1. Based on this model, can you work out whether B:I618 counts as at pLDDT 95 or above and assigned to a helix (DSSP H, G or I)?
2. Here are some residues: A:S141, A:S154. Which one is assigned to a loop (DSSP other than H, G, I, E, B), out of contact with any Phe, Trp or Tyr (no Cβ under 6 Å at 6 or more places or on another chain) and over 19 Å from B:T331 (Cα atoms)?
3. Looking only at the range A:137-168, how many residues end up being open to solvent by 50 Å² or more (accessible area, probe 1.4 Å) and under 23 Å from the mean Cα position of the chain (by Cα)?
4. From (1) touching a Leu at 6+ places or on another chain (Cβ under 6 Å); (2) closer than 22 Å to A:E41 by Cβ; (3) part of a loop (DSSP other than H, G, I, E, B), pick out the condition that doesn't hold for A:R195.
5. Out of curiosity, is B:G269 over 30 Å from B:I478 (Cα atoms), touching a residue at least 40 places away in the same chain (Cβ under 8 Å), under 24 Å from the mean Cα position of the chain (by Cα) and within 7 Å of another protein chain (Cβ to nearest Cβ)?
6. In the range A:278-290, which residue that is in contact with a Phe, Trp or Tyr (Cβ under 9 Å, 6 or more places away or on another chain) and open to solvent by 10 Å² or more (accessible area, probe 1.4 Å) is farthest from A:N160 (Cα to Cα)?
7. When you go through B:T84, B:T40, B:T52 one by one, which is the residue that is open to solvent by less than 40 Å² (accessible area, probe 1.4 Å) and more than 21 Å from A:W337 (Cβ to Cβ)?
8. Select from the range A:16-43 the residues that are surrounded by fewer than 16 Cβ atoms within 10 Å (Cβ to Cβ), out of contact with any Leu (no Cβ under 8 Å at 6 or more places or on another chain) and within 14 Å of chain B (Cβ to nearest Cβ) and list them in ascending order.
Amino acid sequence: MTDLAVPVTTRKDWASDQEVRWCPGCGDYSILSAVQLLLPELGIRRENTVFVSGIGCAARFPYYMNTYGMHSIHGRAPAIATGLAVSRPDLDVWVVTGDGDSLSIGGNHLVHALRRNVNLTILMFNNQIYGLTKGQYSPTSEVGKITKSTPFGSLDAPFNPVSLALGAEATFVARTHDLDRKHMVETFRRAHDHRGASFVEVYQNCNVFNDGAFEAINGKENRADMLIPLEHGQPIRFGADGEHGVASDGHGGLRLVEVADVGEDALVIHDERQVNPSLAFALSRLATGPHEPTPIGVFRAVERPDYGSLVDQQLLEAQNRQGVGDLASLLRSGATWNYD
Amino acid sequence: MTTKSKLANEPGKVETIDQIVIRFAGDSGDGMQVTGDRFTDESALFGNDLSTFPNYPAEIRAPAGTLAGVSAFQIHISDHEILTPGDAPNVLVAMNPAALKANVNDLPTGGTLVINVDSFDERDLAKAGYEANPLKDGSLSAFRIYEIPMTSLTIEACKPTGAKPRDAERSKNFFALGLLSWLYHRPIDDTESWIVRRYGKAPVVAEANTLAFRAGYNFGETAEIFESSYEIAPAEHLPGTYTNVTGNVALAWGLLAAAHLAKLPLFLGSYPITPASDILHELSKHKKFGVRTLQAEDEIAGIGAALGAAFGGALGVTTTSGPGIDLKSETVGLAVSLELPLLIVDIQRGGPSTGLPTKTEQSDLLHAMFGRHGEAPVPIVAAKTPSHCFDAAIEAARIALKYRTPVYLLSDGYLANGSEPWRLPDVESLPDISVEFTTEPNATGADGEATFWPFKRDPETLARPWAVPGTPGLEHRIGGLEKQDGIGTVSYEPANHDVMIHARAAKIAGIAKDMAPVEADDPGGKARVLLLGWGSTYAAITAGVKRVRKAGKSVAQLHLVHLNPFPPNLGEVLRAYEVILVPEGNLGHLTRLVRSDFLVDAKVMSKVEGTPFRVGEIQDAILLEIERLGSPQAARGQSTKEAAL
C-alpha cells in the first residue's frame with residue numbers, strides 16, 4: 001500500500017515515555033538510539049509498527065518504543081511474530097532478541113521463521129552472555145568461558161549466528177556492532193527494506209558481565225585491521241589503507257591475504273545476491289570468534305517470496321476459484337438428507 | 001434387539017428389528033474405517049438414527065494379521081433416538097483371525113459372527129496366536145457363525161478388471177460392505193457413486209471396489225446362507241436438513257462459524273497430533289473462508305502464532321491433545337497476562353505422557369483448570385457430543401472475545417472420531433459474537449492529553465480494551481510482566497499485583513453472570529440420585545438414565561458445558577440431591593472441583609480404559625446408588641449422620 005500522507009516524525013516521536021532501564025554503559029542504548037534514528041527516515045507509520053520480543057535484557061526493547069509492542073516469553077518471539085506478520089501483512093513487524101533468547105531456548109523458532117521467510121526484521125543482540133540472569137555463559141560464548149555456572153570453564157562449542165542463519169535458508173543476513181551507529185542504521189535500513197525474514201546479528205557489549213567481548217575487533221584502534229566491511233560488488237578488503245583482503249583458499253573456502261602479496265585481482269568480489277549461499281557462508285567462517293578479522297555488513301540479500309504473501313495468494317486463489325466461503329453451504333457440503 | 005418376523009413378497013425372509021450394533025473389524029490395512037464410514041452414510045441417508053465409534057491402533061501399519069494391527073469400527077443404528085454406539089456389538093464382522101480374537105470377547109452369547117473364512121489359514125491363525133482354528137474347535141459355539149470366503153469371492157469378482165489377485169484382494173472390505181448392506185437393507189446407489197468419486201483417479205481400483213461391493217450384495221441375496229435379512233425403519237426426526245458429522249469436523253466448522261459470527265479472520269496455529277490433526281486438515285481445506293492455517297514447527301509455536309494473530313485482531317486458535325497442552329502452558333499463561341482472546345482446543349486422549357494416542361480419556365480437565373504457574377484462571381468449555389462440538393466452539397469463542405481471555409475448549413478422542421446425525425442449524429439464527437475494537441483514547445494522561453490505557457477495564461465485564469496494531473494514537477506495549485492497573489505499564493508494586501490478580505480472577509468468575517442457570521433433568525422432581533457429567537460421557541449417562549427411568553425409578557441428570565466458571569446456581573442444584581454420582585474418564589477431576597467448590601459429597605465413577613462408558617455400566621451404577629439409599633427415611637437419617645460427621 002502506498003501511503004502518501006505519512007506524517008513527518010522525529011526520533012522523539014518513536015520513543016515511549018518509559019524510562020530506559022538497562023545498566024548504564026550497556027550497548028543496548030546505542031542500538032535503541034540507532035533504531036529510533038532510523039525509523040523517522042523509513043516513511044512508515046508508528047501505528048503500523050510492532051516490536052515483539054522474548055525475554056532477556058534485549059527483550060525490554062519494545063517498552064521503549066512508542067509503537068505497538070509485545071514483551072512475550074523466553075525464546076518465543078519469532079513464533080508470536082510469525083502469527084502477527086502472517087495475519088497482518090500490512091504491519092512492519094520487528095523482533096528484538098538476544099543470543100540466549102534466540103539461539104538457546106528459542107533456537108527452533110528462529111530457524112523456522114528464517115526458513116519460512118516470514119516478513120520479519122530480526123535484530124539479535126549478541127553479547128555472548130546471559131545478562132538478565134546475572135552472568136551465565138550463552139550459546140555464543142567462547143569455549144572455556146568462566147562464569148557462575150561454568151566455574152571451570154564452559155565446554156560446549158558456540159554457535160556462529162551468521163552461519164546458523166545461512167544454514168536456516170535465511171534470505172537476508174547481516175552483522176553490525178553497537179559502536180558504529182552509522183553502520184547500524186544502514187544495516188537496519190537494509191534489513192527493514194528486505195521483504196521476507198531479515199536477520200541481523202548485532203555485536204553488543206555487556207559491560208557488567210562480559211565487558212570488552214568485542215573490544216579486540218571493534219575497539220577504535222582495532223577496527224581498521226579487524227573489521228572487514230562487506231560491500232556488494234566490491235573487492236573485499238580492509239585495513240587503514242585497504243592493504244588486507246579476502247581471497248579464495250582454493251578449497252572452497254576463503255583466506256585472509258595481503259593485497260600486496262596476491263594482487264588486487266585475486267580478491268573476492270562480494271556478491272550478496274548470489275542464490276548459492278556458499279560465499280556468504282565462507283565469509284561467516286573467516287573468523288572463529290571476535291578476536292580475528294571479522295566481516296560486517298550484509299552477507300546475503302536474496303529475493304524469495306515471503307511466507308505471508310504466499311499464504312494470502314493461496315487464500316485469494318481459493319476465493320477466485322470457488323467464491324468466498326458461505327457457512328450455510330459448508331454445513332451442507334457432505335451428504336445431507338431432509339425430514340419434513 | 002427386539003425382532004418381529006414378517007414375510008415379504010420378495011424371496012427370502014425379512015425381519016424388522018428396532019436397532020442393531022455392528023462392529024467391522026480387520027487388519028488396519030483392510031479398510032475397516034472406510035467400510036464403517038460408508039455403512040454410516042448409507043444408514044444416515046436411509047434415515048436411521050445412529051452413533052459410531054471408530055477404534056484403531058496407534059501404529060499406522062502394525063505387522064499385518066497381528067492383534068496389534070486390528071482396526072475396528074462400531075456403528076449403532078436404530079428406528080428411534082439413540083445416543084451411544086452401543087455397549088456391545090450384535091454382529092461382529094471379522095476379516096481375519098486377529099480381528100476375531102481381539103473382539104470376540106465383546107460379543108454377547110447368541111451374537112452373530114460374519115467371518116472371512118479365507119483368512120483362517122495356518123499362517124494367519126498363528127499370527128493371531130491361535131493354536132487351533134476357533135472355527136473348528138467349538139470355542140465359538142455360543143454364536144451364530146457365517147463363514148464366507150470373502151477374499152476368494154472378491155478376487156473372482158474382480159477378474160474382469162484384470163487386476164492381479166494380490167491387488168484385487170484389497171477390495172474385500174467392499175465385499176463385506178456390500179454383504180452387510182444387503183443384510184440390513186441399506187440403500188446402495190450412493191455408495192456406488194461415492195466409490196467412483198473417491199477412487200476415480202485410479203479407474204481399476206474404482207472398478208474393483210464396485211465389483212466387490214456388488215458381489216457382496218449379490219452374494220447375500222443369492223447364497224441363501226442367511227435365514228433372513230433385516231429392516232430397521234427410519235427413526236422419527238425433527239424436521240430439518242441433516243448431515244452426519246464427526247466431532248472434529250463439527251469443531252472445525254464451529255471455528256469457521258465463530259469467526260464468521262465475530263466478523264474476524266480465523267487464524268489456526270497448530271502442530272500435528274493425534275487425535276486433533278483432523279481439525280487442522282479440515283480448516284486447511286477452507287481457504288475460501290479466508291482462514292489462515294499454520295502448521296508450526298512445534299506445539300509452542302502453534303499457540304504462539306495464534307496469540308500473535310490475536311494481538312493483530314484475529315480469532316486466534318490452537319488445536320492439540322494432551323502432550324501439546326503440556327507445551328502450550330507457558331503461552332496460555334502469557335495470554336492470561338496479556339488478556340487477549342485465544343482458543344486452546346484440547347482433544348483429550350489417554351495419558352500420561354504419550355499414553356494412548358488413539359484412545360479416549362477425559363483426564364486433562366484439571367490441567368486446563370490449574371496447569372499454569374501463578375494465579376492464572378482460564379475459562380473452560382466442554383463439548384458433549386460430536387455435533388455439539390460446533391456449538392461449543394462458538395461458545396468458547398464468544399467467551400474468549402468478550403472477556404479477552406484464553407479459553408480451553410475440551411473435546412476427546414471419542415467425540416473427535418465418533419459421528420452422529422446433526423440437524424443443521426439455521427445460520428441466521430446463530431448468535432452474534434462480534435466485539436468492537438477500541439479506536440479512540442480512553443484516558444487522560446498526566447499532560448492532560450487524551451491517551452490510551454490498555455488495562456482500563458470495562459466496569460461490567462472487567463475486560464480490557466482490545467486495540468489492534470494499525471490503530472493510530474493507541475500505540476501501546478503489553479507483556480508478561482505485571483502491569484499497572486489501568487495504564488498498563490510495567491509495575492512491580494506489591495499492592496498493584498494484588499489488585500491485578502484479583503481483577504483477573506474476578507473477570508473470569510464473572511463470566512458465570514453471563515450464563516443461563518442450569519436445571520437438573522429430573523422429571524417429577526422425586527429423584528434422590530443425581531448423575532453429574534461433562535464432555536463425552538453425555539451419551540452414555542443420558543442413555544443409562546433413560547433405562548433406569550424406563551424401569552420405573554427416579555434419577556436426575558445434569559451435564560455441564562461450562563466447567564470454569566461453573567454455572568451460577570450449580571451449588572444450589574447439587575445440594576438438592578442426596579447422592580451425586582460423577583461418571584468421568586479420569587480419577588475424579590470434576591468430582592474434586594465440585595467437592596471443593598460446593599462442599600458436596602460427590603462420588604466419582606471412573607473409567608480409564610481408553611473406551612467410553614457403556615450404558616449398562618452407568619445403569620448398574622445408578623441402580624446400586626438407588627438401592628443403597630434404601631427407603632427415603634433411612635437414607636435421610638444416614639445422610640444427616642454423615643453431615644454431622
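1. Working: at pLDDT 95 or above: yes; assigned to a helix (DSSP H, G or I): yes.
Yes: the conditions hold for B:I618.
2. On the way: A:S154 fails: out of contact with any Phe, Trp or Tyr (no Cβ under 6 Å at 6 or more places or on another chain).
The match here is A:S141.
3. Applying the first criterion (open to solvent by 50 Å² or more (accessible area, probe 1.4 Å)) to the range A:137-168 yields A:137, A:142-143, A:146, A:148-149, A:151-152, A:155-159, A:167.
From what's left, under 23 Å from the mean Cα position of the chain (by Cα): A:137, A:142, A:157-159, A:167.
Residues in the range A:137-168 being open to solvent by 50 Å² or more (accessible area, probe 1.4 Å) and under 23 Å from the mean Cα position of the chain (by Cα): 6 in total.
4. (1)
5. Values: over 30 Å from B:I478 (Cα atoms): no; touching a residue at least 40 places away in the same chain (Cβ under 8 Å): yes; under 24 Å from the mean Cα position of the chain (by Cα): yes; within 7 Å of another protein chain (Cβ to nearest Cβ): yes.
Here the answer is no, as B:G269 does not meet what is asked.
6. A:L279
7. Details: B:T40 fails: more than 21 Å from A:W337 (Cβ to Cβ); B:T52 fails: more than 21 Å from A:W337 (Cβ to Cβ).
One residue alone meets the criteria, B:T84.
8. Of everything in the range A:16-43, those that are surrounded by fewer than 16 Cβ atoms within 10 Å (Cβ to Cβ), out of contact with any Leu (no Cβ under 8 Å at 6 or more places or on another chain) and within 14 Å of chain B (Cβ to nearest Cβ) turn out to be A:D17, A:Q18, A:E19, A:R21.
The values are calculated or read from the model by the stated rules, or taken from the named source; none is laboratory data. Bear in mind the structure is a predicted one, so any value in this text is a computation, not a measurement. Methodologically, a virtual Cβ is constructed for each residue, glycine included, from the backbone with ideal geometry; neighbour enumeration extends over all protein chains shown. Remember, those area values only see protein heavy atoms, side chains included, never the ligands or the DNA or RNA. Shrake-Rupley method; radii C 1.70, N 1.55, O 1.52, S 1.80 Å.
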